Amino acid sequence: MTKLMGQNMMRKDGAAHQTERKAIFPTLSPKTVQTVWEAQFKAATQKILDGLATRRTADLVKDFAMPVSGDALKAITGLTQMTSQEMDSVSQGMIDGCANYAGDPEVEARCYDCTASIDAHISNHISGGLKDDDMSLIAVQQRAGLSDAQLRANVKLAISGGQNEPRDAIAGILWAILERPKLQEALREGVVSYLQVFEEFTRWISPIGMSPRRIAKPYHYNGVDFAIDTRIFLMFSSANHDEKYFDDPNQFDPWRDTSKSIPFGAGPHFCAGAWAARSLIVNVALPMILDAFPNMTLNGSVEFSGWAFRGPVEVPVTW
Ligand code: HEM
């Protein structure tokens, strides 16, 4: 990640991490999400729904969740000249590059293409002049005095980590709801909330299953000694299925207590985009599409794929 995308805040610790985390907070704070982004999320989602209104079928991954997620990220990053398809594609290119443990030169070259395209868009946004009320990641980092390298690395981090997860959560939750007519009825009657469904779904099928770590100091856990510099995977999805905290963890149960689940991680690197993601998914994407197409039904089988990033490949629907 550091080699291909530059060293972003997720690959820093202590004071170096805190400085950058503090710098991006004005973009992703609950207040900015509520007062700046949520209205933009709604307007962009309405346009996507208007485009679907003339149709009778769709794939909720490609035709809804992907552009909803891409449009939100365009606003948050400041890269509004990009298309949502381009946002999805550069995000995937960087994810593939970071997971390229075998060192395939083609994957690496494609990743560099994606980062070059993002860099060109960033330069374009900056050269247009940043307005005082611009709350994008680009603008707030520049105002906070972060270097050009820091600014660019953190925008790439937000793109590699902020596109797939909302996309996969939106499409996956819609599948889970459409499979359960009683749940849909309960949502309509307000007996269960979209927030409860979101929290339980992201526990059950975590959009990010794991994140790599390097052991920084000798550590002993549960009979295992970890030596300095050992590389490990921290398994969010396993924690979210821990029988000690969740009865029958493989069951999807929106009424359960999910307070012990960690789909957004935990500790200093807890997802900086968690409030934006909740607003986009819970307040905008789910209620808006289910209100627009109340008789929507599944139109084929749904398969999930991925381990580090997990989501439905396709969610075919008709209405
Ligand atoms: C459902 C949606 C999302 C999920 C499940 C999710 C999950 C996560 C997780 C598990 C981490 C921690 C990774 C680690 O500890 O190694 C993380 C970090 C992060 N996420 Fe998210 N994320 C989501 C949406 C977003 C969005 C929309 C953005 C940006 C707009 C974003 C930006 C970030 C950033 C910047 C970090 C790094 C924070 C730091 O290092 O301090 N995420 N996310």
Which of the residues belonging to the range 178-205 are out of contact with any strand residue (DSSP E or B) (no Cβ under 7 Å at 6 or more places or on another chain) and within 16 Å of the ligand (Cβ to nearest atom)?
-> Tyr194, Leu195, Gln196, Val197, Phe198, Glu199, Glu200, Phe201, Thr202, Arg203, Trp204
Restricting attention to the range 247-291, and to residues there that are of a type in the set (Lys, Arg) and farther than 21 Å from Ala171 by Cα, which single residue is farthest from the chain's Cα centre (by Cα)?
-> Arg256
For the range 1-57, what are the residues that are within 15 Å of the ligand (Cβ to nearest atom) and part of a loop (DSSP other than H, G, I, E, B)?
-> Met1, Gly6, Gln7, Asn8, Lys12, Asp13, Ser29
If a residue has to be assigned to a helix (DSSP H, G or I) and either at pLDDT below 95 or acidic (Asp, Glu) (or both) to count, how many in the range 58-69 make the cut?
-> 1
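Considering the range 251-281 alone, what residues qualify as being farther than 29 Å from Thr19 by Cβ and near the ligand (Cβ under 10 Å from one of its atoms)?
Ile281
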Within the range 100-134, track down each residue that is open to solvent by 50 Å² or more (accessible area, probe 1.4 Å), within 20 Å of Gly70 (Cα to Cα) and either among the aliphatic types (A, V, I, L, M) or part of a loop (DSSP other than H, G, I, E, B) (or both).
-> Ala116, Ala120
Which residues, taken from the range 270-290, are surrounded by fewer than 18 Cβ atoms within 10 Å (Cβ to Cβ) and part of a loop (DSSP other than H, G, I, E, B)?
-> Phe270
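The values are calculated or read from the model by the stated rules, or taken from the named source; none is laboratory data. None of these values were measured; they are calculated from a predicted model. Glycine gets a Cβ as well: all are built from the backbone with ideal geometry, and neighbour counts include every protein chain shown. Calculation scope for accessible area: heavy atoms of the full protein, side chains included, ligands and nucleic acids excluded. Shrake-Rupley method; radii C 1.70, N 1.55, O 1.52, S 1.80 Å.
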